[in-house]
Amino acid sequence: MSLRILAAPLLLAICLTNLAAAQESDGDQTAAAETPAAAEQPPAEDAKPAAEENPAEEKPAAEKPAEEKPAAEEKPAAEEKPAAEKPAAEDEKTVASPEEVKKLQAVFDQRVKEWRKATQEFWAEVNEFHTAGGDVKFSEQIRWAERESATRDAMQAAFLAASDLVFVDHENRDARTFMAQSILYHAQNDWYEGLKDAALAMLEVGIKDVQLNVIAGVAAAATGDFEVAKENLKLTPAEGDEGLLKVARRMNFMLDPLQEAWEKEQKIRQAEAEADDLPRVLLKTTRGDVLVELFENEAPNTVASFISLVEDGFYSNVPFYQVVEHEFAQTGDRDGDGSGTADYRVRDEATGERGIFRGSLVLAKIPNPNAAHNPDVPGTIPDTGSSQFLITLLPFNPDYKELCCFGRVISGMGAISTLNRAKVEKEKDAPVVLPDSIIEAEVVRKRDHEYKPETLPY
């Protein structure tokens, strides 16, 4: 059976639908599950990569080689717990006892119930938000974000529970339907945590759809499992969903250097975890909280600039004005048109010292207009970083070493993945997409010294 056939309800109604209702009816009806309330943005648009732009002619784009960006991301914190590891070979299938299957079914049913409850509470908050008189207060924005975050977390828990259940009970139609819908939704929204195991579980139960291999390969590369990525991405077909295929080809092109960079990165992260003293900043966004850790060891001046701006309130109510599917989310410009800065620049620092993986924080720079005509000149203009930064949805090509990676997301990538896809340059007659925003940023940990950056005039 094709994944597309199983997932038809999701494709027809990607907004919130009542997919869990069938679970309340008798026995062998196919269970349905609501499309995640936390994920109601319009389909992602094609938009070009972005970097901090000078007011006049420079266009936002952190210029990168054409083929960049597979992903490898450390699983952030609790919300992104991976599904149980699934064996790859047919003869290694797990045989579960009836008691084990019953327990997993109970967990799945409970997770779906919790998701439905969270969805109802979210919609109650939405209705209250839209019917409130007067200006929308900051506290109401926070409640909206908290409800949406809770709904998304509940959806992810149900997704992982369905994956575990399908793996031991291949014919479970409730879980299979839920999985098919969720896999497509996750892939379309760059939400890779748990996605590899879910796609592999569907292949394991005999669903023959090469799109599942592509999704499994991209998700594996995004989360650091390069052997699974290589095995599945080599099956990428010549035709199909062009957006997904483009990502798969880009990933496949750089798997070897990316794997090498990821292994190096893991050693650095292990040392950082043992020291446990890097600065951290909490970004409260319209999609939920995002906790980031800053690479002060490699980029002390860039981190000093970022922390000083956070403490000055610079990032409060700042939009994610450019969000490009399968690439990155960009923010740090109060005007939201790509030209905003902190009224100063910082010198380039630590370019290429840390790999850029899923969830990396990258300082945006002004693209070099001569790069398109001369491959020997840099893609970006040196020393033009300021307040704007990217949070990457997938990794960049390790061979591209012009940008400073100054931190990473350690929890909350689900919030980043579900940001509204927005772009600076609107196509004619294209619908208006309101960007999500950083509501507030707060330093939650820093080292015992002053954070005062050395700056250059603009």
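Please count how many residues of region 268-302 are within 17 Å of residue 405 (Cα to Cα), open to solvent by 30 Å² or more (accessible area, probe 1.4 Å) and either touching a helix residue (DSSP H, G or I) at 6+ places or on another chain (Cβ under 6 Å) or of a type in the set (A, V, I, L, M) (or both).
Looking only at that region, the number is 2.
Residue 197 - would you say it is open to solvent by 30 Å² or more (accessible area, probe 1.4 Å) and in contact with a Lys or Arg (Cβ under 7 Å, 6 or more places away or on another chain)?
The answer is no for residue 197.
Return a yes/no flag: does region 130-137 have any residue that is assigned to a loop (DSSP other than H, G, I, E, B) and either at pLDDT 90 or above or of a type in the set (A, V, I, L, M, F, W, C) (or both).
Kept after step one, since they are assigned to a loop (DSSP other than H, G, I, E, B), are these residues of region 130-137: 132-137.
Subsequent filtering for residues that are either at pLDDT 90 or above or of a type in the set (A, V, I, L, M, F, W, C) (or both) retains 132, 136.
Within region 130-137, one or more residues are assigned to a loop (DSSP other than H, G, I, E, B) and either at pLDDT 90 or above or of a type in the set (A, V, I, L, M, F, W, C) (or both).
Of all residues in region 255-288, how many are modelled with pLDDT of 95 or more, of a type outside the set (A, V, I, L, M) and within 30 Å of residue 434 (Cβ to Cβ)?
1
Can you name the residue in region 226-245 that is part of a helix (DSSP H, G or I) and without any contact (Cβ under 8 Å) to a residue 12 or more places away in the chain and, of all such residues, is surrounded by the fewest Cβ atoms within 10 Å (Cβ to Cβ)?
242
Scan region 373-389 and tell me whether some residue there is open to solvent by less than 40 Å² (accessible area, probe 1.4 Å) and within 30 Å of residue 270 (Cβ to Cβ).
yes
Can you tell me which residue among 96, 84, 89 is at pLDDT below 85, under 20 Å from residue 204 (Cβ atoms) and out of contact with any helix residue (DSSP H, G or I) (no Cβ under 8 Å at 6 or more places or on another chain)? So that I can check it myself, show each step before the final result.
Numbers: 96 fails: out of contact with any helix residue (DSSP H, G or I) (no Cβ under 8 Å at 6 or more places or on another chain); 84 fails: out of contact with any helix residue (DSSP H, G or I) (no Cβ under 8 Å at 6 or more places or on another chain).
None of the other options fit; the residue is 89.
Which residues, counting only those in region 269-294, are free of Cβ contacts under 8 Å to residues at least 40 places away in the same chain and of a type outside the set (A, V, I, L, M)?
270, 272, 274, 276
Is it the case that residue 379 is closer than 22 Å to residue 401 by Cβ, of a type outside the set (Phe, Trp, Tyr) and within 23 Å of the chain's Cα centre (by Cα)?
In short, no.
Give the residues of region 213-225 that are surrounded by fewer than 24 Cβ atoms within 10 Å (Cβ to Cβ) and either out of contact with any Asp or Glu (no Cβ under 9 Å at 6 or more places or on another chain) or on the phi > 0 side of the Ramachandran plot (or both), sorted by residue number.
Within region 213-225, 224, 225 qualify.
Which of the residues belonging to region 341-364 are open to solvent by less than 10 Å² (accessible area, probe 1.4 Å), closer than 26 Å to residue 422 by Cα and not aromatic (Phe, Trp, Tyr)?
358, 359, 360, 361, 362, 364 - these are the residues of region 341-364 that are open to solvent by less than 10 Å² (accessible area, probe 1.4 Å), closer than 26 Å to residue 422 by Cα and not aromatic (Phe, Trp, Tyr).
Go through region 253-280 and give me each residue that's more than 15 Å from residue 397 (Cα to Cα) and of a type outside the set (D, E, K, R).
Within region 253-280, 266, 268, 270, 271, 273, 275, 278, 279 meet the criteria.
Examine region 427-444 for a residue that is open to solvent by 30 Å² or more (accessible area, probe 1.4 Å), within 21 Å of residue 381 (Cβ to Cβ), assigned to a loop (DSSP other than H, G, I, E, B) and in contact (Cβ under 8 Å) with a residue 60 or more places away in the chain, and state whether such a residue exists.
Looking through region 427-444, none of the residues is open to solvent by 30 Å² or more (accessible area, probe 1.4 Å), within 21 Å of residue 381 (Cβ to Cβ), assigned to a loop (DSSP other than H, G, I, E, B) and in contact (Cβ under 8 Å) with a residue 60 or more places away in the chain.
Go through 147, 152, 143 for me and flag whichever is surrounded by fewer than 20 Cβ atoms within 10 Å (Cβ to Cβ), within 24 Å of the chain's Cα centre (by Cα) and at pLDDT below 90.
On the way: 147 fails: surrounded by fewer than 20 Cβ atoms within 10 Å (Cβ to Cβ); 152 fails: surrounded by fewer than 20 Cβ atoms within 10 Å (Cβ to Cβ).
Unique residue meeting the criteria: 143.
For region 252-310, how many residues meet the condition of being assigned to a helix (DSSP H, G or I), under 20 Å from residue 357 (Cβ atoms) and among the polar types (S, T, N, Q)?
5
Quick one: would you say residue 337 is assigned to a loop (DSSP other than H, G, I, E, B) and closer than 30 Å to residue 220 by Cβ?
Taking the combined requirement at face value, the residue does not satisfy it.
Give me a count of the residues in region 200-212 that are in a helix (DSSP H, G or I) and open to solvent by 10 Å² or more (accessible area, probe 1.4 Å).
So the count comes out to 5.
The values are calculated or read from the model by the stated rules, or taken from the named source; none is laboratory data. Predicted model, so just to flag it, every value in this text is computed and none were measured. Backbone-built Cβ (ideal geometry, glycine too); neighbour counts: all protein chains shown. Calculation scope for accessible area: heavy atoms of the full protein, side chains included, ligands and nucleic acids excluded. Shrake-Rupley method; radii C 1.70, N 1.55, O 1.52, S 1.80 Å.
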